[in-house]
There are 2 protein chains.
Amino acid sequence: MVELHTHEIDTVFHALSDATRRHMLQELTQGERTVGQLAEPHAMSLAAASKHIKVLESAGLVRREIQGRTHLCRLDPGPLATVHEWLSFYERFWSGRLDALERLLKENDARKTATERDTKLPPSKPGNDT
Amino acid sequence: MVELHTHEIDTVFHALSDATRRHMLQELTQGERTVGQLAEPHAMSLAAASKHIKVLESAGLVRREIQGRTHLCRLDPGPLATVHEWLSFYERFWSGRLDALERLLKENDARKTATERDTKLPPSKPGNDT
DNA sequence: CGCACATTCAACCACATGGTTGAATTACAC
DNA sequence: GTGTAATTCAACCATGTGGTTGAATGTGCG
């Protein structure tokens, strides 16, 4: 459970860490685009853009359909949903209940309960990729 | 507007693209931790762990309070909220309306291929950090 | 004071990343 | 078939990343 889809999350976050690639994703929200179309707005060679697209593809964010000599790319939002959900685990830390939560954690910490039910986050659900 | 907090998003996504760092973040949800405590579970030198923490720090995900010879780290969830929000833009692509949306896009595509392709979409709206 | 502890710094290394250019591949169009 | 368009491949380069080790810094302690 811990270390479940770690590598997927690695590659997705890495793919998203580049502005060029994020821009390509945004472009793909408008519909399918060819490699050339995705490359065009960016001041770089086609080969460079092609590499970026390949990064997005290996992260599962983009699917490609080869149509004759052109490659049509479309957005696959699945991995975005995955990391969005991953991030949601931290939501309570930035939403209002933060202070209350912090107190709670400190309490547990100090008390050092034997009941690991609330001490340890259940490696059940989210955030537990790593 | 476009390219607003691009660099912040870059660094946050990059910080999140490493399992060691994600694990440290998760650990910090339990409360403050020293550098040594954060390093301990990971099979690497203290110096290496220290670098990871610095990456988290420069991404704004961790704040550090120096207390004598120990450095206390605490989670700062703000940047997580930022990228979570960034990802939310894509939510509609993975939630229910996806199929309808896809059909819509295909329609446009088929109908007015040339028109749509060459009329660049206005770099108008959202998700437009980059 | 003098030593041990917590952490960083500096130098180094292997490998990945993001970019380039020029040639190769493949498909369409005449 | 020849030529051209869309894309990738391969080699190369500069820089970044993640790790190491050993020395340096600074603090707490007897």
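The values are calculated or read from the model by the stated rules, or taken from the named source; none is laboratory data. The structure presented is a predicted model; accordingly, all values stated were derived computationally and were not measured. Quick reminder, even Gly has a Cβ in these numbers, built from the backbone with ideal geometry, and neighbours come from all protein chains shown. We work out accessible area using only protein heavy atoms, side chains counted, and drop any ligands, DNA or RNA first. Shrake-Rupley method; radii C 1.70, N 1.55, O 1.52, S 1.80 Å.
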Which of the residues in segment B:80-94 lose at least 50 Å² of accessible area when you go from the chain alone to all protein chains together (probe 1.4 Å)?
-> B:L80, B:H84, B:L87, B:Y90, B:F93, B:W94
Shortest-first nm distances, A:R69 label point to equivalent points in other copies (7 Å, Cα→Cβ) | 7.0
Shortest-first distances to equivalent copies, position B:E85, nm, label 7 Å out along Cβ | 2.5
Listed by chain and number, the residues whose amide H is under 5 Å from that of A:T34, excluding neighbours fewer than 5 places away on the same chain and using placed H, are A:C73
Shielded residues, segment B:12-34 - accessible-area loss of 50 Å² or more between chain alone and all protein chains, probe 1.4 Å | B:F13, B:S17, B:R22, B:Q26, B:T29, B:Q30
Size of charge dipole - segment B:6-80 - debye, nearest 20, with Cβ of Lys, Arg +1 and Asp, Glu -1, no other charges = 180
Among A:7-13, A:47-53, B:9-15, the order from most to least packed when residues are scored by Cβ within 10 Å on average = B:9-15, A:7-13, A:47-53
From the label point of A:M44, set 7 Å along Cα to the beta carbon, how far off in nm is each other copy's matching point, shortest first?
-> 2.5
Once amide H atoms are placed 1.01 Å from N in the peptide plane, what residues at a sequence separation of 5 or more from B:V62, or on another chain, have their amide H within under 5 Å of its amide H?
-> B:E57, B:D76
What's the buried accessible area, both sides, between A and B using a 1.4 Å probe, rounded to 100 Å²?
-> 4100
Roughly to the nearest percent, how much of the accessible area of segment B:6-80 is carbon and sulfur, given a 1.4 Å probe?
-> 50
